Structure formats: structure tokens, C-alpha cells
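Written out below as C-alpha cells is the structure these notes cover.
The values are calculated or read from the model by the stated rules, or taken from the named source; none is laboratory data. Owing to the predicted nature of the structure, the values given are computational and were not obtained by experimental measurement. So basically every Cβ, Gly included, is an ideal-geometry build from the backbone, and we count neighbours across all protein chains shown. Only protein heavy atoms, including side chains, enter the accessible area calculation; ligands, DNA and RNA are left aside. Shrake-Rupley method; radii C 1.70, N 1.55, O 1.52, S 1.80 Å.
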Amino acid sequence: MDSRQSQAVVVGGSIAGLLAAQVLSRWFGRVIVLDRDELPLDPVHRKGVPQSRHGHGLLAKGHQVINELVPGFWDELVGQGAVTGDPHQDLLWYNEGNLLKRGPSTMTTVLAGRPLIESVLRRKVSPSIELRPRTTVTGLLEKDGRLTGVRTEDGDLAADVVVDASGRSNRGPTWLKELGYESAREDEVNAGLVYTSREYRREPGAQDFIGVLSGHHPANPFGCGAGAKEGDRWLVTLVGLSDVPPPVEPGAFEDYAARLDGPEVHRLVTKAEPLTEPVRYRIGPSVRRRYEKCSRLPEGFLAIGDALCCFNPVYGQGMTLAALSAQYLAECLETDGENLTRRYFGGVAKIVEPAWALSTGGDVRFPHVPGPRSLKTRFLNGFLSRVHRASAVDEVVGRRFVEVANGLTRPETLFAPGMVRRILRNS
Ligand SMILES: Cc1cc2nc3c(=O)[nH]c(=O)nc-3n(C[C@H](O)[C@H](O)[C@H](O)COP(=O)(O)OP(=O)(O)OC[C@H]3O[C@@H](n4cnc5c(N)ncnc54)[C@H](O)[C@@H]3O)c2cc1C
């Protein structure tokens, strides 16, 4: 296939779809992004991304990779008012009730609302990418084992490669089944989480931090992620379990914050001026679609972002995994040859695996969450508890944990002999 002569179609014009399109535009003559929703250039909430009113942390690895794929992303985001800082020095982080000891590092974090991140991406991707809003994809077209295009409500569209980037509620497996292929196996873990979020006015510099993360845990299921964002605002997202969801009634929202580990968020929400009403989002299960395990797939089919794997969002991995997958797609396209579909799914599964293990391993700490609790998972959770206790007193351990949590260092580095000694000594 001469890619320059060929056409790629991306289903979904959100974060993952835009990143995939950016990569494909280097190899394909024409790249068309279809989305059933509007695709505004301005940072506004839209129907197709209901999660956008809730806190979205972009890991340090995520903004690095996005900036490599989409040059100018960082500068534009910061230029539009996103707040930057050092994730080890400028964030307060409570893990299982232990406040991580802060200290200076060379890492950077950027805090912005989800609509701003998407709008900056949409503005900065290659102008050769054709964006078609208000176009709903209803199925795939195939001939002799290769995809030939997509079906939309407005008619068929030819394509040599189709990327499913249609998010959590995607229908990729159903579309493949309609063509006579097996449905990909789906691994699922339901943490039963609810988010409720509210924005407040922020006076820059009034606090010596730009964000607070208070992880929910079995001993205190009341959690929170509060972060500064563009427009001198705090976006406060309360996290809870579905049997005691964070309330949407103003007043009750602020009272709930009193039950968090650490007093800072409660102090903040009881003093700052609220700018929006609280809004709630019930988070569905984390789902990993195992396309790499399918015995047969049509050549030219790819999936990325939440359509491939959606995680428990408290770990802030979704956008970063979309970026890493797009980066891996570029690697696959660089190596000429057939079997793009098989090569991509085989390799991307290895990128998804550690993030999936972290997210689902953390979820099964809660007795109400059904799912496998292997010896390895129980050992790792026990070890992580020690990391959290040590991080409260040992800046070096804390920094390593922040690096790992930001995807900058592999989790195995927490097991380096010197590090294990510090963790054991200080926990
Ligand atoms: C409450 C919540 C909080 C989160 N917090 C974080 C966080 O802190 N950090 C982080 O990195 N990630 C977070 N995530 C995950 C993050 O939102 C996603 O990983 C990220 O938006 C990338 O998603 P996506 O592009 O794959 O899909 P989405 O952003 O969901 O977009 C899917 C797109 O596909 C379109 N579409 C759907 N079906 C069709 C169709 N049939 N035809 C055409 N178009 C279609 C939709 O209109 C939409 O534009 C969170 C998720 C939730 C639910």
C-alpha cells in the first residue's frame, strides 16, 4: 500500500482521535476525523465528552509526549493560562492518609481544564487533517480481510485504515462482530466511583500549592483532586463510592470536603467564592479490550484511547496512554510492511499493561470491588502502602513515587536495592 495515495479515517475527534490523526497525517495522503458531536476550536464543554467538567490531570509523561507529537502544544496551553509547577514541590499529595514530603525536583506539571487541553490540541494539529463534526459512524466496511471504509449516517466513506477513537461507549467490538469477526475479549473492573465537581475563584499565590490530591482508600473512601486551572479558578473534584456519593447540593458539597484526609481542601472550599454549581458523574467500569488476543482481525482496523482501554480516572492515566499509543502507532508506521493491525495491537498491549495493573490493582484494595486478587497484587499493594508511609518522611522516596506516578520512571525502580532499604527503614 502506498500510504501517500491512501486515506485514513479516525472515528472520534477528541484527545485520542486528534493524536492518532496527527501521527497518521505524516504517512497518509488524506486523514479525515469524524465525530458525531460539534468540534469547536474554543475551550467549551461539549455533549460528546461529559467527563470534561471534572478534574483532568495530565501526567508529566503525557505532556512531554503530546508536545513531541504536536509541537507547540505546551507553549499554547501555558499561553492560554494553564498553571505550571513542580509536581513534587507544588502539589500536596495524601496517599492512604500520609502527606507526601514535598521537595524541589526537575519535573514539571501543567494544570488545565479538559476543554482547554482538547481545544489547544485541535488548534495545533496539522492543518491538513480534515475535521468533520456532526458525523456519526454506524459501522465498518470490509472486503477480503481488509477494511475498506466506514458507514456513517450520511453514507459510506472509503478508508485504508480506520482508527476507533470513539471513547468509553465505543462500538468497535460490535462493528467487528457485524462483519463476522469475533468480539475482542473485554477485561472489566468496576470500582463503583462517583465524581462531583465544582469551580471556585482562585487568588494566585494565596496558597503555597497549586493542587491537592487526596486519594480515597479503604480506611477513608472520601477522596479529592483539587487543581488550579486557567482563568484564576480552582476545579475541585470530590471522589466517592456509589453508596455515599459526593453530594451535588451546595453546602453539602463543602461539608463532604471535611471528611477528606488533610484539611486544605475543606479550608479552600469554605473560604473561596463558588463559581459553578456542583455537577456529578457516575464512572462506569474500567474496560480493557483485548484485540491482541483475537485470532482474526481485518487489516486496517486500529483502536486507541478509551476505546482501547478506559481506566479508573483517579490515576489520571487516560490522556497519557492515548499519547503513548499514538507514539507507538508512529513507530509501527515507520517500519514499512504489512500487518499494521496485528503489530500495533501486539505492541500497544504492552504499553497498556502496567497502567491497567496499577489501576485495577488499586481498585481491588476495596472489598466491595469484584476482581482477581493475586498474590502479586496483594504484595504490590502492601509494598505501596510502605512507599506511602516512607514518602511522608523521606523526600527521596517521595520524589521517586511522584516520578513513577507521572510515568517518567518505570515502577520497577521502586525496587532498586537502595530504594527498598530507604522504604523499609522509613515505613
Ligand atoms: C470523570 C473522568 C475523569 C477523568 N480524569 C482523567 C484525568 O485526570 N487524566 C486523564 O489523563 N484522563 C482522565 N480521564 C480519561 C479521559 O477523559 C480520556 O482518556 C480522554 O478524554 C481521552 O479519551 P478519548 O479521546 O479516547 O475519548 P473521549 O474523550 O471520550 O471522546 C470520544 C469522542 O468520540 C466521539 N464519538 C463517539 N461515538 C462516535 C461515533 N459513533 N461516531 C463519531 N464520533 C463518535 C464523541 O463525540 C467524542 O468526541 C477521565 C475520565 C473520566 C470519565
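Could you run through the range 334-356 and say how many residues are assigned to a helix (DSSP H, G or I) and either of a type in the set (F, W, Y) or surrounded by fewer than 19 Cβ atoms within 10 Å (Cβ to Cβ) (or both)?
Residues meeting the conditions: 13.
Find all pairs meeting these conditions: Cβ atoms under 7 angstrom apart; at least six residues apart or on different chains; first residue within the range 196-208 and of a type in the set (S, T, Y); second residue surrounded by fewer than 11 Cβ atoms within 10 Å (Cβ to Cβ).
Short answer, once both residue conditions are applied: Y200/E273.
Which of the residues that make up the range 186-227 are outside any loop (DSSP other than H, G, I, E, B), in contact with a Pro (Cβ under 9 Å, 6 or more places away or on another chain) and within 30 Å of R171 (Cα to Cα)?
Answer for the range 186-227, where residues must be outside any loop (DSSP other than H, G, I, E, B), in contact with a Pro (Cβ under 9 Å, 6 or more places away or on another chain) and within 30 Å of R171 (Cα to Cα): E186, E188, V189, L193, V194, Y195, T196, S197.
Yes/no per residue for (1) open to solvent by 50 Å² or more (accessible area, probe 1.4 Å); (2) touching a His at 6+ places or on another chain (Cβ under 7 Å); (3) aromatic (F, W, Y); (4) over 22 Å from T413 (Cβ atoms):
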position: L358; (1), (2), (3), (4): yes, no, no, no
position: D363; (1), (2), (3), (4): no, no, no, yes
position: R378; (1), (2), (3), (4): yes, no, no, no
position: S385; (1), (2), (3), (4): no, no, no, no
position: H388; (1), (2), (3), (4): no, no, no, no
position: S391; (1), (2), (3), (4): no, no, no, no
position: V396; (1), (2), (3), (4): yes, no, no, no
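Return the residues of the range 387-413 that are touching a Ser or Thr at 6+ places or on another chain (Cβ under 8 Å), under 18 Å from A60 (Cβ atoms) and not β-branched (V, I, T); say none if nothing qualifies.
G398, R399, R400, F401, E403, N406, G407, listed by residue number.
Does G13 satisfy the criteria of being near the ligand (Cβ under 7 Å from one of its atoms) and outside any loop (DSSP other than H, G, I, E, B)?
So G13 fails the test.
Kindly indicate the residue of the range 201-250 that is under 19 Å from G85 (Cβ atoms) and polar (S, T, N, Q) and also nearest to the ligand (Cβ to nearest atom) among those meeting that condition.
Filtering the range 201-250 for residues that are under 19 Å from G85 (Cβ atoms) and polar (S, T, N, Q), the one nearest to the ligand (Cβ to nearest atom) comes out as T237.
Return the residues of the range 400-427 that are in contact (Cβ under 8 Å) with a residue 12 or more places away in the chain, in contact with a Leu (Cβ under 9 Å, 6 or more places away or on another chain) and either within 27 Å of L324 (Cα to Cα) or among the basic types (K, R) (or both); say none if nothing qualifies.
R400, F401, V402, A405, N406, G407, L408, P411, L414
Out of E277, E331, which single residue is part of a helix (DSSP H, G or I), open to solvent by 20 Å² or more (accessible area, probe 1.4 Å) and not aliphatic (A, V, I, L, M)?
E331
Within the range 37-64, how many residues are within 15 Å of A405 (Cβ to Cβ) and either of a type in the set (V, I, T) or open to solvent by 40 Å² or more (accessible area, probe 1.4 Å) (or both)?
Matching residues across the range 37-64 total 3.
Taking the range 289-304 as the region of interest, how many residues are open to solvent by less than 10 Å² (accessible area, probe 1.4 Å) and within 13 Å of the ligand (Cβ to nearest atom)?
Looking only at that region, the number is 3.
Out of everything in the range 123-150 that is in contact with a helix residue (DSSP H, G or I) (Cβ under 6 Å, 6 or more places away or on another chain) and not in a loop (DSSP other than H, G, I, E, B), what residue ends up being farthest from the ligand (Cβ to nearest atom)?
Top of the filtered list is K124.
For residues in the range 243-254 being in contact with a strand residue (DSSP E or B) (Cβ under 9 Å, 6 or more places away or on another chain), modelled with pLDDT of 95 or more and outside any helix (DSSP H, G or I), which is least open to solvent (accessible area, probe 1.4 Å)?
If we take residues in the range 243-254 being in contact with a strand residue (DSSP E or B) (Cβ under 9 Å, 6 or more places away or on another chain), modelled with pLDDT of 95 or more and outside any helix (DSSP H, G or I), then P246 is least open to solvent (accessible area, probe 1.4 Å).
Being among the acidic types (D, E), buried (at least 21 other Cβ atoms within 10 Å of the Cβ) and closer than 30 Å to G223 by Cβ is true for just one of E96, E118. Which residue is that?
After ruling out the rest, the residue left standing is E118.
Among the listed residues E199, E203, E186, which satisfies the condition of being open to solvent by 70 Å² or more (accessible area, probe 1.4 Å), more than 30 Å from E292 (Cα to Cα) and of a type in the set (D, E)?
It is E203.
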